[in-house]
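The next block holds one structure in the form of structure tokens; read it before the comments.
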Amino acid sequence: MPNAITAEIIIGLLVGVTALVWLASIVRVPYPILLVLGGLLIALAPLPPVPLRPDLVFLLFLPPLLYYAAFLTSWRDFRANLSPILLLAIGLVLVTTLSVAWVAHELVGMIWPAAFALGAIVSPPDAIAATSIMQRLKIPKRIVTILEGESLVNDASALVVYSLAIMAVTHGGFSLAHASGQFVIVVIGGIGIGSVAGLGVAWLRNRLKDNTVDTLLSLLSPYIAYLPAEWCHVSGVLSAVVAGLFVGRALPRIIGSDQRMRLTAVWEALVFLLNGIVFILIGLQLPSIISNIREHTNLTIAQLSFYTGVIACVTIGVRFAWVFVLALLRKPIDRHVTDTQSTLQFRSLTLISWAGMRGIVSLAAAIALPLSPEQFPHRDPIIFITFGMILITLVGQGLTLPFLIKALGFKHDDLDEREEALARRELAFAALARLEAMELIGEAPPSLIAEVREGYEFRVQRFNNRLNESNDLELADPCDSTIDVELEALEAERLVLIKLRDDGLIADEVLRHIQVELDIAEVRLRGQKHAHA
């Protein structure tokens, strides 16, 4: 066995992770499922462990992952489903943490603060695998929104509990009253600092003219929110989430099309890389973790595997109980509810209950536990149980989720398609209004305007066939070519697209989907103009 990890080994592992993601796209399986299996394969390979600084693991991985997840969140849909999201993201997280802590204390023999840390680590589900399956199979959008919103908020709430549990272990002693007060303080403080950081980053990026500097600021934004919150001893992860919400909301106004396309590619690559590195790290750590468990605890691997299965059953069972009991409490059985409505609600609740897969956030939090057994007893069993939980839920629930969806018989939800048709029609109206204004004031020759107008009139007719309503939206630089006229029309489309989002008529993901097309069209036109200059 080699006695040190080399750059060649790391690069080889990253290439292997990339191959796994490519394979996931071929076999149509969410890539986190293959990543956890890849981590298991790495653990079986004769590779040396990599020394880790737990504080750096937490700092480097979690802020950008949570920030980008918040960045992509549709604020309109999040706000519309706020009640079920908070009940899952806060209420269920606390109930799951308590349940897992009790099992870990009674069954595994962990001290209470360490048991609470384990509960906080495994309580937040990761929505990546679940939502990627659901979006491909056209599940009702509201279910996807609830799961994504839950995953966003429950990471923050669980990691707040996690931080309090670590403080209890490292400083000795735990007071429920003190912990409750601290919970409120760190949550409010994290939201406040995240709001200031998000607004500040948006303000600054709106004034930057250099794309390279803007890219660097975008990558640093999670840490601009996270670090000041940590220095003030409030929730850095919640601060990063809130900052991501603010910047994601403001970004369509403050940067241009070429920069948006560049940043999308950069962030998608970064998130993939961070996910891959975490699973590589856990794979490299598992052999030494298993060795430490055998040498320094009275637990066998067989016992710990059994306890992991029990804890997985507890988390899945608690989620089912919480979802169905809350549904009954919030909407008591009504004799006027039809069988169809009752069946649909049962299907939705079953799907939400089964889609509680654990993932990257739980893994990063487990790896970030203090290294010293004196500082944090039960560290190695906690990491082992966490990896086992991710393996059971991602592979077990993740692979069975498509079959469950088909068995429940969900029908196609065309809400996004209708919103997109609405947006495209209104954008075409806006472009036509701008063309008419240009013709009236003589900004371009009528022949050029007529050439561009024909395409937009066709689009209006096309989308009017899908939407039996009509709305006219008005929008208000000189032109000497067809390209200039098309660029003016594109800008009119962009402004109305943002207005539709701001007015709550379309979701942020619809805005982003159409905005990509507008950005590509604008970059193409500007390239043509530059070539002809």
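Each Lys or Arg adds one and each Asp or Glu takes one away; over the other residues whose Cβ falls under 13 Å from the Cβ of residue 312, this sums to +2. Think of the chain as having a plus end and a minus end, set by charges on the Cβ of Lys, Arg, Asp and Glu; of 429, 384, 75, 384 sits farthest toward the positive end of this dipole.
Could you sort out which of 209/529; 141/529; 499/529 sit more than 31 Å apart by Cα distance in this structure? The answer is 141/529. Each part gets one Cα centre, and for segment 304-323 versus segment 351-392 those centres are 14 Å apart. Model label sites at residue 408 and residue 345, defined 7 Å from Cα along the beta-carbon direction, differ in position by 1.5 nm.
The mean accessible area for residues of the chain, using a 1.4 Å probe and ignoring ligands and nucleic acids, is 46 Å² per residue. Centre-to-centre separation between the Cα atoms of segment 189-213 and those of segment 14-66: 30 Å. The simple Förster model, with R0 at 22 Å and r as the Cβ-Cβ distance, assigns residue 55 and residue 232 a FRET efficiency of 0.85. Share of carbon and sulfur in the accessible area of the chain stands at 65%, probe radius 1.4 Å.
The values are calculated or read from the model by the stated rules, or taken from the named source; none is laboratory data. In this text the structure is predicted, and so the values were computed from the model without any measurement. Here Cβ is always computed from backbone atoms with ideal geometry, including for glycine, and neighbour counts include all displayed protein chains. Each accessible area value is taken on the protein alone, full model and side chains, heavy atoms only, with ligands, DNA and RNA left out. Shrake-Rupley method; radii C 1.70, N 1.55, O 1.52, S 1.80 Å.
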